[in-house]
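A short write-up of the structure that comes next.
The values are calculated or read from the model by the stated rules, or taken from the named source; none is laboratory data. Keep in mind that this is a model prediction, so the values were computed, not measured. Don't worry about glycine lacking a Cβ; one is built from the backbone with ideal geometry, like all the others, and counts go over all protein chains shown. Note: accessible area is taken over every heavy atom of the protein model, side chains too, but ligands, DNA and RNA are not part of it. Shrake-Rupley method; radii C 1.70, N 1.55, O 1.52, S 1.80 Å.
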Amino acid sequence: MSISWSGGTTGSEPAIKFLQQLENDLRNLSIELKKKYPNPRESCEEGIVKLRNAMSNPQTPVHYVVNQIMFPVQEACKTKDPRVVRLGVGVIQRLVTQQVVDLKCAAHITDTLWGLMEAGVEEVKVLQTVTLLLTTNAVVHGDTLARNLVLCFRLHFAKDSTTINTAGATVRQLISLVFERVVAEDNESKPVEKTPSNLEELKVLSSSPPKGLRPCAADAYLMFQDLVQLVNADQPYWLIGMTEMTRTFGLELLESVLYQYSSVFFDHPEFSFLLKERVCALVIKLFSPNIKYRNSVPASVQQASSLDKPYFPISMRLLRVVSILIQRYHCLLVTECEIFLSLIVKFLDPDKPCWQRSLALEVLHKLCVQPMLLESFCECYDLKAHATKIFRDIVNSLGAFVQSLFVHPQLNPAPKTPIEQSPALLAGMPVGPGVTPQPGFYLRGVWLPLAATFVPGQAKSTYLDMLDRIEPPGIPEGYGISVAYAALLDVIRSISLAINGPSKVENAEEEKAASTEESEKPKSKAVHAQLINSSWCGLLAALSPLLEASTDEIIMENVLQSMQTFSSLCGQLEINTARDAFITAICKASLPPHYALSMLNIVTPSLNRSHPHDGHDSNMQYNLNAFSENDFRQQVVAVGTPLPSVSWPAGAQQGPVMLTSKNLQCMRALLSLAHCHGSILGASWYLILTTLQHLVWILGLKPSTGGSLKAGRSTADSNAVITTAVMADLPVLSAMLSRLFESSQYLDEVALHHLVDALCKLSREAMELAYSNREPSLFAVAKLLETGLVNLPRVEVLWRPLTNHLLEVCHHPHIRMREWGVEAVTYLVKAALLHKYKPPLKDNKKLQTLLLSPLAELSAVPHTHGDVRQKQLECVLQILHSSGEILSHGWPLVLGIIGAVNDQQGEVLIRLAFQCLQLVITDFLPVMPWRCLPLCVDTAVKFGFQTQELNISLTAVGLMWNISDYFYQNQDKLSSSLNSEEAIFPEFPGTPNMPPFDKLWMCLYARLGDLCVDPRPSVRKSAGQTLFSTLSAHGVLLRQPTLHAVLWQVLFPLLDKVRSLSSSASSEKVDPGGNILIHHSRNTAQKQWAETQVMTLSNVVRVFNSKRQLLQSAGDFTDAWSLLLGFIEYSSLNKNNEVSLSGLKCLQEMLYQGKGLEDGATEGPPTQWGPLWAAAWTSWLRIGEESTFPPPENEEDVYVPTQAFLAALVQTLPALLPHAGLDKPEQAQLGRLLKVLHQAVAVPSQEYPPFQMLTNESALSPLQDAVINTLTTLQNDALIDNAHMESMLSEIFQQLLTFVKFACVAPQYGNLQIKSNCQMGPEWGAVNYVPFGEKCLSMAVKLFLKTAEEETVIKNQTLQNILESLRVPLSMKYSCPSQTTWKAAITKLLGVLHVGLPIARRRPEHHKTMWPVLAETLDLFLFPKVAPPPSRGLEEIETDEAVDCQVIEQLRDEVLPHAHAIPKEFVLKVVVLLNKGSIHSATHTSSTDYDCERKLREEFAKICFETLLQFSLLDNNDLDTKEEGGVAGRLAVTALLLRFQDVLKQYVDEERSSGQCPLPRYEMLVLVHV
């Protein structure tokens, strides 16, 4: 119960109760004193009286009363009687607990307790009372407080252990109490501006506190100052009366204060001064023995003073204090902490005692688990230009410590076991009887077990907490490496926390603990970078040997995990050198020792110390490679061959290599690093992927579909020897590899490009290796494929660099490289097209083009790599089946791939490509954008041009027909969708405004036109048929300008090409090979081109005719007409009969079609056709003149047109003649025409058998019939047109009469040797001209009979010309080729004379020369020079004689009666002729009478004689009055008399000579006539 609150007087009820208790206590004390101590008893009784008085007086102050009764208590305690002292101390304790003690009373109590302390009585009670006195309230302070503290200190050094322990605890409690008062005082006091203390005054030690401190702070200041003094073995200034003080206890107290009340030191500059000036100096002083002492120096050399030798209790406590100073006051003691840390680092030197190194490791471990602390180190030291790189030194010291354990094992002698024999080592693990295998480290013959384990992020002190140890403890073997191992891992963990914050820590409690530290402002990137730069060398130097030496999977896993974390931090801060170094270390650990991989031969930077001192370690440099060789063999899990490297010399071989379980664990860590931290790896991807590639090669994993890796199914697939356990793990490793590249989908774009670049670089190395024909690794190509597949959602980011490299691989000469390059490209393209995009791929032109471009670029691979082309086409085929409907914008590329055919590709590739094209045209034309249709046409044409497979070319031409059908059937759709602004159509000059739909047709026609001149006949034929069939079937869709363009840009150029190629074609026989037979009409290229020429020209003419009405509206129709006539003319003059005949037929078709159109035309001016017909007529004349012109002499290859050609030529005339201008003499057109007809008729026949033998001898040949028809037409035209009769009739008569002669004498054709009709052979044979001549004779006579009275006929002496023409057959008579000829001739002669002689008599001036010709003709006919053939029968002879008689009768009737009007020369010749006819026996002799009778023309002689007699009588009776007539009569009489004389004389001679034989009958008949 406390009465201090009741007003401080005795009047209150609690006060009265309290006084009553005191009265009772004093009474008890008095009773105990009454026997032995009378004086103190009296004092007690006086005190009782005073208490009673106070109770009776309510106004008495309590403190007054308390001070009154303290005297008897003091007196009682002075008796030193234990019972009395106990009662007295009890009273004191009651006073204290009731809080009625003031400062004066407290001083009395202190004096009393001090006396008891000095007397050694009830020491524990004393300590309890002091504790109560100081803890109950804050009344005690100043010197009184100091005396109480000194009292406790002195009791701490009492002899009784209980007292010592109690006093020690009390001191610690009171020390804390003093500082708690300061904290409370600071909290209760209002913040006021403190006057800055004079630091110079503080430097002078005194018992007076600084003026600016409040009471509690002043007490604490003086107490802390004296504690430092005491530890430093100096006299205290405030704690007067201290007789003894140990340094260990003092350090513990300092540690306690520094640890618990850091706020006091931060809030009060005076305390900070003490800390900086006193504590730090003390620490540095006490560090001296630890720094100077070295284990390696012999004991005899060490200084004799024991003070200079490190003392474990002090060193340990000193390090505890330093640890607190560093952890809690580093921001106040920047420079001092720099010194402390440097000193701690020196504790790790190899020449320090093992316990010192262990203590330093524990301190460093405590520091390393605090991220903010490490961050502050970097900020305060490492980042400063001229400061010691403290953090770097800490980490380097840890690294150097770890390395020293393996490099200098002799400096760390392990305590001997009782057996004094180390356990045996098996596979790096200590085993033996009673030995349990434990994790540890084994390297270069040094075995260090893992002696301690630590929770990550928590430092557990072992030797720093051995406060009760005086002698240095024995350090277990492996403890140092265990703490260093934990500290190194915690360094990385703390760096990670400092950089990334607690969110990256998995443990929730750790997050909570770290969050308070991380609550401060975020540090700059420079601090974070310095954390890495200061630590990475040391960490790497330490972790690499740990990784190499580890014998436990958990240790390995922890080290690898830490290395992964640190690598990620380096990458995160873009400290690439450090990142690459750590990754290289993991990579090296993943591969077998001494593996020939140059990129792993790195040297870790030396671990330079900030303050090197004399000793062998001052210039130590640690090479990572020094720890790469282990003395024991790990469990070998695989044996394989190393992957060849470009750096290997040519022909070099490396033996088999072995993989251990540790290698595979490192491989998994490497995979995990790449999987989890791929975004920050950057250029390190190359290191990782190179290592993985080598591991995959050693393990024998081969790429499979999609880029994943699988174990070889047989030893042929892989040379690796794999244990059963690892064989089961191979699918897991393969899956991890795949997941690694699958995780690339979560990388940012920059990181993804780093990954792709690394894979490409790796692949290029494999390609370079493959150039030397060594088996390359396909790892990079397979993983490029896998990476591409998982990143299809952002395909634009990586597609181009990835596929560009794969395309390089596709060009590689090594077949395996090339195969996988193509596999990757095609697989990627197929997968990319099937992926779902937003917006959909169907609407994304740019993306479609991007995805299909690599596939299209495969076409650039040389044709020698047919496997690439095959894969490309197979991919296209699969794309068409799976994604053809969405290729809206990708068709140009697809068609380009399909159309990349050439003659170097084999038949299989051509067929495969064509299969794709067929699928496109049959299934995808409706979904194909219109702008791709021209390209589709071009692609089909390319297959038409390829020469590897003829059937494909022909089928391709058929596809063109399918395309044209599609155009036709979808004309409305295409017309509405086509856009002429698109630059997809070629230019068509001369037709600027062609509709787009017509341009589409133009593309089709133009490309078909190109195929029409293919070197192969069958392709030409098929293309031509398709072209013209398409024009015929679908040409109605074309408008006039387009039709005009087709004509001028397709058809006419086609004709020109065909003409050119035909003229240059070879005439050598074609060898088809095999068992194929070729008809003789097609056995040369020239003949095959002839067929093309025929087909092309005929079809062009047909198109021209069918579309003539449209074409006529064009302004250049006349030019087109003329140009086409030129082609026809060229063909007609071709020496190939088939071509020439076709040309004429085309001319006929044009002319007759033109005539029909002209007749039925309703449009255009009437004069439009004039120039056209004139051009046609000119062409016909040139054809006729050149084709019928006789070949020159000495020409070897003689060309003679066939009869069929000539017939066709002449048959063309009927359409032309009306427009030929024959009625214009000045143009000489008729003469040219008749000349052509003449030469045409004169052309011999080459047919075998001869042409005329194939026909009826009496029939006209087609040519002759055509000529006759032409002449008939000309004759009719001449008769109709009286105005031009004169100019035409004479030439017509002349030509007819010339043809008449052909019946007897065949015309000569140049210098050709023409055989007669009866001769057979393959040479030129004469044509049967008899019917033709006779027909012409009939026509001439008939025409003459019609026009005999015409003046032009008379003037032109047509009658004479007829007679001259008839003279030939009449003179030949029996020698005529045909006997009908002379018979027809004499018949026509008689007819002509019947009409002509009257005219001749009337117009003698125009017939003067006619009469001699007539006389000669009659004479030659009546008295032929050739006798009748013996085969001629009697009836035929009689018929012939009757004809002769008709001639004489004609003379008798038509001439003799008009002798006066006829020239006498002719009359005389007639008389002579009659006379000659009457003498019919003079020239015939024969051996038989019968023959003589047959030869004599009795009737003819008779009529001649009678006519002669009649003529003479007529002359005598009727013509005497005329002189001329008389002369004629006299001549006739004279002739008769001479005739009589000769007959009689001959008779007499014959009679005399005949003897008894009778004279022949005919001689008797002559005699009778006379």
Point to revise | Among residues of region 791-807, those that are surrounded by fewer than 16 Cβ atoms within 10 Å (Cβ to Cβ) and either among the acidic types (Asp, Glu) or farther than 22 Å from residue 766 by Cβ (or both), counted | key: 3
Check your understanding: Just one of the numbered conditions (1) crowded, with 23+ Cβ neighbours inside 10 Å; (2) within 18 Å of residue 1332 (Cα to Cα); (3) modelled with pLDDT of 85 or more is not true of residue 1387; which one?
Key -> (1)
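When residues of region 912-960 are filtered for being assigned to a loop (DSSP other than H, G, I, E, B) and either open to solvent by 10 Å² or more (accessible area, probe 1.4 Å) or farther than 23 Å from residue 1031 by Cα (or both), how many remain?
Counting residues in region 912-960 that are assigned to a loop (DSSP other than H, G, I, E, B) and either open to solvent by 10 Å² or more (accessible area, probe 1.4 Å) or farther than 23 Å from residue 1031 by Cα (or both) gives 8.
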Exercise for review: Would you be able to say whether some residue in region 1454-1468 is assigned to a helix (DSSP H, G or I), among the hydrophobic types (A, V, I, L, M, F, W, C) and open to solvent by 50 Å² or more (accessible area, probe 1.4 Å)?
Suggested key: yes
Exercise for review: Inspect all residues belonging to region 1413-1423 and state whether any of them is over 16 Å from residue 1465 (Cβ atoms) and open to solvent by 10 Å² or more (accessible area, probe 1.4 Å).
Suggested key: yes
Review point. Do we have residue 565 as part of a helix (DSSP H, G or I), open to solvent by 30 Å² or more (accessible area, probe 1.4 Å) and within 20 Å of residue 382 (Cα to Cα) here?
Key: no
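May I ask you to verify whether residue 715 is open to solvent by less than 60 Å² (accessible area, probe 1.4 Å), over 26 Å from the mean Cα position of the chain (by Cα) and either modelled with pLDDT under 90 or among the hydrophobic types (A, V, I, L, M, F, W, C) (or both)?
Spelling it out, it is not the case that residue 715 is open to solvent by less than 60 Å² (accessible area, probe 1.4 Å), over 26 Å from the mean Cα position of the chain (by Cα) and either modelled with pLDDT under 90 or among the hydrophobic types (A, V, I, L, M, F, W, C) (or both).
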Practice item. Under 9 Å between Cβ atoms, at least 6 apart or on separate chains: pull out the pairs that start in region 437-457 with a residue that is touching a residue at least 40 places away in the same chain (Cβ under 8 Å) and charged (D, E, K, R) and end on any residue that is part of a loop (DSSP other than H, G, I, E, B) and open to solvent by 20 Å² or more (accessible area, probe 1.4 Å). Key: 444/629; 444/630; 444/631
Check your understanding: Wholly within region 734-828, which helices (runs of 4 or more DSSP H) include no fewer than the required count, namely at least 3 residues that are over 16 Å from the mean Cα position of the chain (by Cα)?
Key -> 749-771, 779-790
Study note, to complete from the structure: Being open to solvent by 20 Å² or more (accessible area, probe 1.4 Å), modelled with pLDDT under 85 and not β-branched (Val, Ile, Thr) narrows 1428, 1404 down to just 1428
Exercise for review: Write out, first by first residue and then by second, each pair whose Cβ atoms fall under 6 Å of each other, whose residues are 6+ apart or on separate chains, and whose first residue, in region 1327-1356, is under 16 Å from residue 1300 (Cβ atoms) and at pLDDT below 85 while the second is part of a helix (DSSP H, G or I) and not β-branched (Val, Ile, Thr).
Suggested key: 1327/1252; 1328/1252
Practice item. State which residue pairs qualify: first residue farther than 15 Å from residue 21 by Cβ and inside region 37-51, second residue among the hydrophobic types (A, V, I, L, M, F, W, C) and open to solvent by 20 Å² or more (accessible area, probe 1.4 Å) in any location, beta carbons under 7 Å apart, and separation of 6 or more residues or different chains. Key: 43/71
Study note, to complete from the structure: The helices (runs of 4 or more DSSP H) lying wholly within region 1009-1068 that contain at least 2 residues that are at pLDDT 90 or above are 1017-1034, 1052-1063
Review point. Pairs, please: C-beta under 7 Å, at least 6 apart or cross-chain, first residue among the hydroxyl-bearing types (Ser, Thr, Tyr) and in region 1202-1217, second surrounded by 21 or more Cβ atoms within 10 Å (Cβ to Cβ) and assigned to a helix (DSSP H, G or I)?
Key: 1212/1144; 1212/1147; 1212/1151; 1212/1180
Exercise for review: Please give the number of the condition residue 852 fails out of (1) farther than 30 Å from residue 997 by Cβ; (2) at pLDDT 90 or above.
Suggested key: (1)
Exercise for review: Go through 1293, 1251 for me and flag whichever is more than 20 Å from residue 1188 (Cα to Cα) and either at pLDDT below 85 or surrounded by 21 or more Cβ atoms within 10 Å (Cβ to Cβ) (or both).
Suggested key: 1293
Check your understanding: Would you pick out the residues in region 825-876 that are touching a Gly at 6+ places or on another chain (Cβ under 7 Å) and surrounded by fewer than 17 Cβ atoms within 10 Å (Cβ to Cβ)?
Key -> 849, 866
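Where residues in region 1115-1149 are among the hydrophobic types (A, V, I, L, M, F, W, C) and either touching a strand residue (DSSP E or B) at 6+ places or on another chain (Cβ under 9 Å) or farther than 16 Å from residue 1051 by Cα (or both), which of them is surrounded by the most Cβ atoms within 10 Å (Cβ to Cβ)?
1147
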